[in-house]
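The next block holds one structure in the form of structure tokens; read it before the comments.
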Amino acid sequence: LNNDNKFNDKGGIGNMSIKYSAIDLANYVITYANQNSKPITNLYLQKILYYIQAEELVTTGEPIFNEPIMAWKYGPVIEEVYYKFSPFGSSVINSERIISELVDIEDDVKVRINHIINEKMKKPAWKLVRETHEEDPWRNTTNDGQNLNIEITIDSIKDFFEKNKIGR
């Protein structure tokens, strides 16, 4: 890895602590989406978490969660989150079961997350899949889709989105 960025082999930066788990953020995203009449599926959720990670890397220089983002057939996926919500299949994820699991998220982080949710959910989920496939982190990791189930590095996400706006 590039030592200039001080990323460690776990995807984090140096000794800086990761504030949230991907599950914490998923729970927040699902709850916010449902409370704002934006029904969310696992496919949407995966793309939104990817773009939240990108936004935080560009804004703060740090990842917001430490779980790896994998390059799957339909774009970036955080496996732990995917499997937690896979019982919903392609249906809308019901937030009633997760209210008790919500953690406090800092207000400035909520503002950035809410913006990503609001912008990304204006688009059909399949358009988000197409966007992630056109972006370098997924394309370069998978060799244009030929190799799947490989981790998309934090460095590749940060480098790409520092040079390119988060598809708004």
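The values are calculated or read from the model by the stated rules, or taken from the named source; none is laboratory data. On a predicted model such as this, the values are computed, not experimentally measured, just so you know. For neighbour counting, all protein chains shown are included, and Cβ atoms are generated from backbone atoms with ideal geometry for every residue, glycine included. Remember, those area values only see protein heavy atoms, side chains included, never the ligands or the DNA or RNA. Shrake-Rupley method; radii C 1.70, N 1.55, O 1.52, S 1.80 Å.
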Problem - Residue check for Val92: open to solvent by 30 Å² or more (accessible area, probe 1.4 Å), in a loop (DSSP other than H, G, I, E, B), at pLDDT below 95 and touching a helix residue (DSSP H, G or I) at 6+ places or on another chain (Cβ under 7 Å) - result: no
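Quick one: count up the residues across the range 95-109 that are assigned to a helix (DSSP H, G or I) and either closer than 29 Å to Leu148 by Cβ or without any contact (Cβ under 8 Å) to a residue 24 or more places away in the chain (or both). Outline the logic, then answer.
We begin by selecting, within the range 95-109, every residue assigned to a helix (DSSP H, G or I); these are 95-97, 99-101, 107-109.
Next, from what is left, pick out any that are either closer than 29 Å to Leu148 by Cβ or without any contact (Cβ under 8 Å) to a residue 24 or more places away in the chain (or both): 96-97, 100, 107-108.
Counting residues in the range 95-109 that are assigned to a helix (DSSP H, G or I) and either closer than 29 Å to Leu148 by Cβ or without any contact (Cβ under 8 Å) to a residue 24 or more places away in the chain (or both) gives 5.
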Handout entry: Residues of the range 116-131 that turn out to be surrounded by fewer than 18 Cβ atoms within 10 Å (Cβ to Cβ) and outside any helix (DSSP H, G or I), as a count
Key = 3
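Among the residues of the range 21-39, write down those that are charged (D, E, K, R) and either part of a helix (DSSP H, G or I) or under 16 Å from Lys84 (Cβ atoms) (or both).
Our first condition is that a residue be charged (D, E, K, R); within the range 21-39, this holds for 24, 38.
Passing the criteria: only Asp24.
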Handout entry: Single unsatisfied condition, Val111 versus (1) under 24 Å from Asn27 (Cβ atoms); (2) more than 16 Å from the chain's Cα centre (by Cα)
Key = (2)
Exercise for the section: Please work out which residue is nearest to Ile113 (Cα to Cα), limiting yourself to the range 43-66 and to residues that are open to solvent by 40 Å² or more (accessible area, probe 1.4 Å) and outside any helix (DSSP H, G or I). Expected result: Glu62
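State the number of residues belonging to the range 62-85 that are without any contact (Cβ under 8 Å) to a residue 60 or more places away in the chain and within 14 Å of Ile30 (Cβ to Cβ). Outline the logic, then answer.
The initial filter retains those residues of the range 62-85 that are without any contact (Cβ under 8 Å) to a residue 60 or more places away in the chain, namely 62, 64-67, 74, 77-83, 85.
From what's left, within 14 Å of Ile30 (Cβ to Cβ): 78, 81-82, 85.
Number of matching residues: 4.
Being among the β-branched types (Val, Ile, Thr), more than 14 Å from the chain's Cα centre (by Cα) and either surrounded by fewer than 18 Cβ atoms within 10 Å (Cβ to Cβ) or closer than 23 Å to Thr41 by Cβ (or both) narrows it down to one residue among Val77, Val103, Val81; which is it? Steps first, answer last, please.
Numbers: Val77 fails: more than 14 Å from the chain's Cα centre (by Cα); Val81 fails: more than 14 Å from the chain's Cα centre (by Cα).
Checking each option against the conditions leaves just Val103.
Would you please name the residue that is most open to solvent (accessible area, probe 1.4 Å), looking only at residues in the range 132-168 that are of a type in the set (Asp, Glu) and part of a helix (DSSP H, G or I)? Write out each step before concluding.
First, pick out the residues of the range 132-168 that are of a type in the set (Asp, Glu): 134-136, 144, 151, 155, 159, 162.
If we keep only those that are part of a helix (DSSP H, G or I) as well, we get 134, 136, 155, 159, 162.
Details: Glu134: 118, Asp136: 57, Asp155: 17, Asp159: 64, Glu162: 100 Å².
The extreme case among them is Glu134.
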Handout entry: Selection status of Ala54, small (Gly, Ala, Ser) and in contact with a strand residue (DSSP E or B) (Cβ under 7 Å, 6 or more places away or on another chain)
Key = no
